[in-house]
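Visitor: First the structure, then my questions, so here it is.
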Amino acid sequence: MSQSQVWHPFTQHALEPAMPEIVLTEGAYLHKADGTRILDAISSWWVVTHGHRHPRIMKAIETTASTLDQIIFAGFTHEPAERLAEALVSLAPSGLDWVFYSDSGSTSVEVALKMALGYFRNIGAPRSRIVVMEHSYHGDTIGTMSVGARGVFNAAYEPLLFEVDTLPFPAAGREQETLDRFEAVVGDRRAAALIVEPLVLGAGGMLMYPAWVLTELRKIAEASGTLLIADEVMTGWGRTGTMFACEQASISPDILCTSKGLTGGAIPLAATLATDAIFQAHYSEDRKKTFFHSSSYTANPIACAAALANVEIWQNEPLAERITALSAKQAAGLRRFGNNPFFTDSRATGTIAALDLRTGSAGYLAEIGPKLRAFFLDKGLLVRPLGNVVYLLPPYCVTGDELDGLYDAVEEAGERFG
Ligand code: PLP
């Protein structure tokens with residue numbers, strides 16, 4: 001290709017080797033212009049659930065595009081958005097009765113934060129603090145960075161927006177500290193919301209905590225009148241073994257954010273689901289109580305149709321069996337690393353497996369990350385470690401043999417770099 005003018009995300013162009021050009025996506029693979037293919041072991045940044053270009057989703061996109069493109073969503077509606085909202089409400093944990101559309105995981109979280117602040121303002125008891133969890137990641141807009149872990153990703157953009165209280169990550173044996181801290185910070189009734197990634201903190205290093213902690217956090221939030229925002233942008237659509245991770249804690253949050261797997265990963269769309277109490281706080285003859293948020297592409301009909309096709313896949317294909325089998329395979333795959341001297345920890349929650357390499361550290365600046373990435377790419381594997389954290393988060397169509405090949409490559413990476 002000629003000289004590129006494209007500025008890529010999360011990319012230090014001065015250090016990046018030539019980027020492969022992808023000309024075809026199919027199932028679990030990205031096909032390069034030179035005819036070789038790459039196994040997409042991270043579902044193209046965690047979005048592709050069923051595999052690339054699932055026929056049902058592609059068909060829905062084509063069919064809808066023959067009658068609808070973008071429609072302004074203030075003052076107008078359309079069938080794909082209406083039908084999708086109904087489907088989402090029935091699939092989500094109970095009590096989430098309203099669906100607000102947007103177009104990325106970050107915007108779904110921005111919307112959630114604004115809903116929480118708007119709720120308290122509109123009921124006449126303003127609260128502005130947000131409680132967050134150590135190591136969390138909720139997006140790259142200024143608002144979502146403000147409620148995420150502080151570090152190299154956002155240092156350049158300080159000061160950020162929110163006053164936050166940070167809970168320690170509930171590492172094994174330290175869960176009670178997290179709960180005690182939460183109880184302490186909500187004591188003065190100034191926290192509008194606690195925002196969490198349920199069960200797995202993704203970009204923070206694929207850190208996992210047990211469902212009972214979330215159950216307890218929910219109880220404390222409820223007792224103190226603090227809203228619970230579940231950011232299921234990564235964990236939704238089966239990633240942790242259930243449709244939404246909150247199900248494993250038997251909880252319903254007040255607000256739930258979903259994106260990534262919402263369209264099976266085919267096309268951008270996000271939704272923020274909220275309780276009726278939150279909607280009702282904005283429902284008023286007083287225009288000042290309007291929920292002041294929109295984006296031009298809100299509820300794009302083609303994206304909504306893709307998401308509906310994704311829901312149909314969940315209804316018509318043996319997804320539960322597929323996810324159970326993949327989860328079992330990941331757990332079994334990790335067992336062979338139990339005594340591997342090159343890895344200090346291995347863990348899995350549902351379909352997500354992660355291992356910490358003995359050398360290097362977590363995070364974007366750790367040199368080990370790009371080295372590992374290049375090593376895997378050389379073998380035709382898309383694996384994008386978070387520093388020394390190697391994780392596998394493949395589409396659900398990945399085969400047992402492909403996974404075995406991945407574990408072999410991870411083992412070899414341990415020997416080479418560990
Ligand atoms: N929240 C979580 C938990 C995520 O993992 C991500 C992205 O990785 C986001 C929010 C942001 O989503 P997006 O990149 O679509 O804006």
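Computed from the coordinates by the stated procedures, all read-outs in this text should not be read as laboratory data. These figures come from a predicted structure and were not determined experimentally. Heads up, the Cβs are rebuilt from the backbone with ideal geometry, glycines too, and the neighbour counts pull from every protein chain shown.
Visitor: Treat segment 358-418 as a sphere of radius equal to its Kirkwood radius over Cα pairs and apply Stokes-Einstein at 37 °C in a medium of 0.692 mPa s; give the translational diffusion coefficient in µm²/s, rounded to a whole number.
Guide: Diffusion coefficient, whole number: 278 µm²/s.
Visitor: Looking only at Ala374, Ala41, Ala14, which one moves most when the chain is put into a Gaussian network model with springs between Cα atoms under 10 Å?
Guide: Maximum among the listed residues: Ala14.
Visitor: To make sure I understand, if each residue's beta carbon is the centre and we count other beta carbons within 10 Å, what order do Lys59, Lys329 fall in, fewest to most?
Guide: Listed from fewest to most nearby Cβ atoms, that is Lys59, Lys329.
Visitor: Take Gln176 and Phe10, extend 7 Å from each Cα along the Cα→Cβ direction, and tell me the distance between the two endpoints in nm.
Guide: 3.6 nm
Visitor: Check which residues have an amide H placed less than 5 Å from Leu167's amide H, if you skip close sequence neighbours.
Guide: Val132, Met133, Glu134
Visitor: Short version: what are the Cα gyration tensor semi-axes of segment 318-417, square root of 5 times each eigenvalue, largest first, in whole Å?
Guide: 23, 14, 12
Visitor: So how do Ile368, Ile229 line up by other beta-carbon neighbours within 10 Å, fewest first?
Guide: With the fewest neighbours first, Ile368, Ile229 line up as Ile368, Ile229.
Visitor: Taking K and R as +1 and D and E as -1, what net charge do the other residues with C-beta under 10 Å from the C-beta of Asp356 add up to?
Guide: Result for the local shell: +1.
Visitor: Need the full-extension length gain, Glu415 to Asp97, defined as separation in residues times 0.36 nm minus the C-alpha distance. One decimal, nm.
Guide: Between Glu415 and Asp97, full extension yields 109.4 nm more.
Visitor: Okay, moving on. Which entries of Lys114/Lys219; Lys114/Lys260; Lys32/Lys371; Lys32/Lys59; Lys260/Lys288; Lys59/Lys379 have Cα-Cα distances beyond 27 Å here?
Guide: Lys260/Lys288; Lys59/Lys379, as the Cα separations exceed 27 Å there.
Visitor: Only helical DSSP H runs with n ≥ 4 go in: add -39500 (n - 2.57) per run for the chain, normalise by residue count and round the 222 nm mean residue ellipticity to 500 deg cm²/dmol.
Guide: -11000 deg cm²/dmol
Visitor: How large is the dipole of segment 321-396 about the Cα centre if only Lys and Arg carry +1 and Asp and Glu carry -1, each at its Cβ, rounded to the nearest 20 debye?
Guide: About 140 debye.
Visitor: Compactness ratio of segment 155-307: Cα Rg over 2.2 N^0.38 Å, N = residue count?
Guide: Cα-based Rg divided by the globular estimate yields 1.14.
Visitor: Whole number please: convex hull volume per residue, Cα atoms of the chain, in Å³.
Guide: 148 Å³
Visitor: Sort 24-33, 406-415 by the packing proxy (mean of other Cβ within 10 Å over each peptide's residues), most packed first.
Guide: Result, highest mean Cβ count within 10 Å first: 406-415, 24-33.
Visitor: While we're on this one: Taking 0.36 nm per residue of separation and subtracting the Cα-Cα distance, what length does fully extending Lys219 through Lys379 add?
Guide: Length gained between Lys219 and Lys379: 52.9 nm.
Visitor: Among Ile313, Val109, Met58, flag the residue with its Cα farthest along the positive direction of the charge dipole of segment 58-315, charges on Cβ as +1 for Lys/Arg and -1 for Asp/Glu.
Guide: Value: Val109.
Visitor: For a quick check, take a GNM of the chain with Cα springs below 10 Å and name the residue from Ile72, Ile195, Ile42 with the largest mean-square fluctuation.
Guide: Largest GNM mean-square fluctuation: Ile72.
Visitor: Follow-up. Using θ = phi - 60° and the Karplus relation 6.51 cos²θ - 1.76 cosθ + 1.60, list the HN-Hα couplings for segment 6-11 in order, rounded to whole Hz, with x at every Gly or Pro.
Guide: Coupling constants for segment 6-11: 8, 9, 8, x, 6, 9 Hz.
Visitor: Now for a different question. Compute the FRET efficiency between Arg83 and Ala325 as 1/(1 + (r/R0)^6), taking r as their Cβ-Cβ distance and R0 = 41 Å, and round to the nearest 0.05.
Guide: 0.85
Visitor: Only counting other Cβ atoms within 10 Å, I'd like Met145, Met19, Met133, Met208 sorted with the fewest neighbours first.
Guide: Listing Met145, Met19, Met133, Met208 from fewest to most nearby Cβ atoms yields Met19, Met208, Met145, Met133.
Visitor: Which value, in debye to the nearest 20, gives the size of the charge dipole of segment 58-315 about its Cα centre, when Lys and Arg are +1 and Asp and Glu are -1 at the Cβ?
Guide: So the dipole magnitude of segment 58-315 works out to roughly 340 debye.
Visitor: Once you have the Cα-Cα distance between Asp188 and Phe292, take 0.36 nm times their residue separation minus that, and quote the gain in nm to one decimal.
Guide: Answer, rounded to one decimal: 34.7 nm.
Visitor: Under 15 Å from a point placed 7 Å out from the Cα of Ala74 along the Cα-to-Cβ direction: which residues of segment 279-312 have their backbone N that close?
Guide: It comes to 287-299, nothing else.
Visitor: Once amide H atoms are built 1.01 Å from N in the peptide plane, which residues 5 or more positions from Thr235, or in another chain, come under 5 Å H to H?
Guide: none
Visitor: Then there's this: Can you list the equivalent-ellipsoid semi-axes of segment 208-273, largest first and in whole Å, using the square root of 5 times each Cα gyration tensor eigenvalue?
Guide: For segment 208-273, the semi-axes come out at 23, 14, 7 Å.
Visitor: Would you kindly derive the ³J(HN,Hα) couplings of segment 268-284 from the backbone phi angles with the Karplus curve 6.51 cos²θ - 1.76 cosθ + 1.60 (θ = phi - 60°), listing them in order in whole Hz, with x for Gly and Pro?
Guide: x, 6, 8, 9, 10, 9, 9, 6, 5, 4, 5, 4, 4, 5, 9, 8, 6
Visitor: Just to be sure I understand: with springs between alpha-carbon atoms less than 10 Å apart, which residue in Asp401, Asp356, Asp40 has the highest mean-square fluctuation in the Gaussian network model of the chain?
Guide: Asp401
Visitor: In whole Hz, with x marking every Gly and Pro, tabulate ³J(HN,Hα) for segment 188-193 from phi via Karplus 6.51 cos²θ - 1.76 cosθ + 1.60, θ = phi - 60°.
Guide: Using θ = phi - 60°, the values come out as 8, 6, 9, 7, 6, 7 Hz.
Visitor: Follow-up. On alpha-carbon atoms, Rg over Rh for segment 1-142 using Kirkwood Rh?
Guide: That ratio equals 1.03.
Visitor: Check which residues have an amide H placed less than 5 Å from Ala353's amide H, if you skip close sequence neighbours.
Guide: Leu392
Visitor: Quick one: putting +1 on the C-beta of Lys and Arg, -1 on the C-beta of Asp and Glu, what dipole do you get for segment 11-127 around its Cα centre, in Debye to the nearest 20?
Guide: 300 debye
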